[in-house]
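The structure under discussion appears below in the form of structure tokens.
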Amino acid sequence: MARIRLPLYGKVLFWFLVNLLLLAVLGILFLRLEFRLSLDWMLAGPGGDRIEHLAEDLTEECRATPEDQWAAILERYSAATGLTLALYGNDGRQVLGSVSEVPPKSASSSSTSAMPPTCLPHPGETANRSPGRRVRPMTPPPSRAS
């Protein structure tokens, strides 16, 4: 059996890359276990803020109108944002919207990350907003020019 002969710099480079790969794998595993990283981290930036504002605006408007007008509100927000929106109850049952089925992984993760009922204001009360946070009128997101 023929052995591959590598010069000394080749052996050093090989072991350096193996060690670097091992450190990267261990670092990723540590971060995932320590910080429970998943795809939710993408919502921590500006995109998550826009989704949060959209949800707050939609919730405030739905609380101020009767339930029979919620479908029109949902359609208006869908048209303004270009998103397919649906309204689900706390039990995971679809109330309004055109989305027919939630993927099982999303359904299980949304039930564990829901806010406790004590955080939600009672009907007729205003939500506690953090200082400096103002209610924005619903406007469509800016269009991206190519």
Which of the residues belonging to the stretch 46-85 are touching a Leu at 6+ places or on another chain (Cβ under 6 Å) and without any contact (Cβ under 8 Å) to a residue 24 or more places away in the chain? 74, 78
Number of the exception - residue 1 against (1) among the aliphatic types (A, V, I, L, M); (2) at pLDDT below 90; (3) surrounded by 10 or more Cβ atoms within 10 Å (Cβ to Cβ): (3)
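So, in the stretch 62-99, exactly how many residues are among the aromatic types (Phe, Trp, Tyr) and touching a helix residue (DSSP H, G or I) at 6+ places or on another chain (Cβ under 6 Å)? I'd like the intermediate steps shown before the answer.
Taking the stretch 62-99 first, the residues among the aromatic types (Phe, Trp, Tyr) are 70, 77, 88.
Add one more test, that the residue is touching a helix residue (DSSP H, G or I) at 6+ places or on another chain (Cβ under 6 Å), and what stays is 70, 77.
Of the residues in that region, 2 qualify.
The values are calculated or read from the model by the stated rules, or taken from the named source; none is laboratory data. Keep in mind it's a predicted model, so treat the numbers as computed, not measured. Don't worry about glycine lacking a Cβ; one is built from the backbone with ideal geometry, like all the others, and counts go over all protein chains shown.
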